[in-house]
Amino acid sequence: MDGLNADEEVSRDFYREVGIHEPELVPLAQHHVGAHSYYVLFDRSATYGHPGDPQYVAVHLKRDPEKKAFSFEHATMPLPAMAQSWLIHRGCPHDGIGLDPQMGPPPADETTRALERRLAGDGDHYAMGYSYTKDDPDDMVVVVALRALGEQVPSQFRVVVEEVDTEAWTHTLREGAFDTAGEALQWCDDRLTGEAGPLPPVRPAATARRPPGIAKVPVPRPHGRSR
């Protein structure tokens, strides 16, 4: 970005959303092609904010060498795979935004790896209705409630949960299916308080029953503070 400028509004937004946090942003993945740069960043300062805030930032930086200007898009996401998906669907090559294996706990099993690949590739098929990041060293967990955007999708409401084993320093990612948004959100709430049962399995398309749709997913209030 050396030698590049932007209008006052873009410059202000970039500083407020990205630049001011730069000392706390840890790059987990980046890809550069032509005038475009793509980043998955871990925001260490997110833990200082509102409890449960997402800790990952996806940034798409666009340069215009002729005008000596830049513009950008960004989004905060609760999981790295969701940040990757956001960038992929803005032009980043799928194989160009792999996470640095030296950063963060690696996947514990093939189930985790497969689900992360699917989230990165098909993330635009779902809308995020709710997430909560709990960074308690005794229970590091992220819960995300999703709603399928297509009508002919089995188990329209999903919950994805990431758990970190701090002793083995690995993480697992699992997915469950629910008939209603309320059931999905209740499971998230129960998991944050340690009262959740097993995640309901995702049913095959042939046996899935289409649940009633909703206009907006409500946000439950987690019990207590995790920070």
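The values are calculated or read from the model by the stated rules, or taken from the named source; none is laboratory data. The model shown is predicted, which means the values in this text are computed figures rather than measured ones. When we count neighbours, we look across all protein chains shown, and the Cβ atoms used for this are built from the backbone with ideal geometry, even at glycine.
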Inset, instruction - From Asp136, Asp165, Asp179, grab the single residue that is under 17 Å from Asp190 (Cβ atoms) and surrounded by fewer than 15 Cβ atoms within 10 Å (Cβ to Cβ). - result: Asp136
Inset, instruction - Say whether the condition of being in a strand (DSSP E or B), closer than 21 Å to Leu146 by Cβ, in contact with a Phe, Trp or Tyr (Cβ under 8 Å, 6 or more places away or on another chain) and touching a residue at least 40 places away in the same chain (Cβ under 8 Å) is met by at least one residue in segment 92-100. - result: no
Legend entry - Only listed residue being surrounded by 14 or more Cβ atoms within 10 Å (Cβ to Cβ) and either free of Cβ contacts under 8 Å to residues at least 60 places away in the same chain or in a helix (DSSP H, G or I) (or both), chosen from Gly104, Gly121, Gly129: Gly121
Inset, instruction - Give segment 12-57 a look and list any residue that's assigned to a helix (DSSP H, G or I), crowded, with 17+ Cβ neighbours inside 10 Å and not small (Gly, Ala, Ser), or say none. - result: Phe14
Inset, instruction - Under 6 Å between Cβ atoms, at least 6 apart or on separate chains: pull out the pairs that start in segment 134-147 with a residue that is within 17 Å of Met77 (Cβ to Cβ) and end on any residue that is of a type in the set (S, T, N, Q). - result: Lys134/Ser226; Asp135/Thr47; Val142/Thr133; Val144/Ser131
Legend entry - Options Ala58, Ala81, Ala114; residue that is out of contact with any strand residue (DSSP E or B) (no Cβ under 6 Å at 6 or more places or on another chain), within 23 Å of Val33 (Cα to Cα), modelled with pLDDT of 95 or more and of a type in the set (Gly, Ala, Ser): Ala81
Inset, instruction - List every residue pair whose Cβ atoms sit under 7 Å apart, with the two residues 6 or more apart in sequence or on different chains, where the first one lies in segment 9-23 and is closer than 15 Å to Ser45 by Cβ and the second, anywhere, is part of a helix (DSSP H, G or I). - result: His21/Ser45
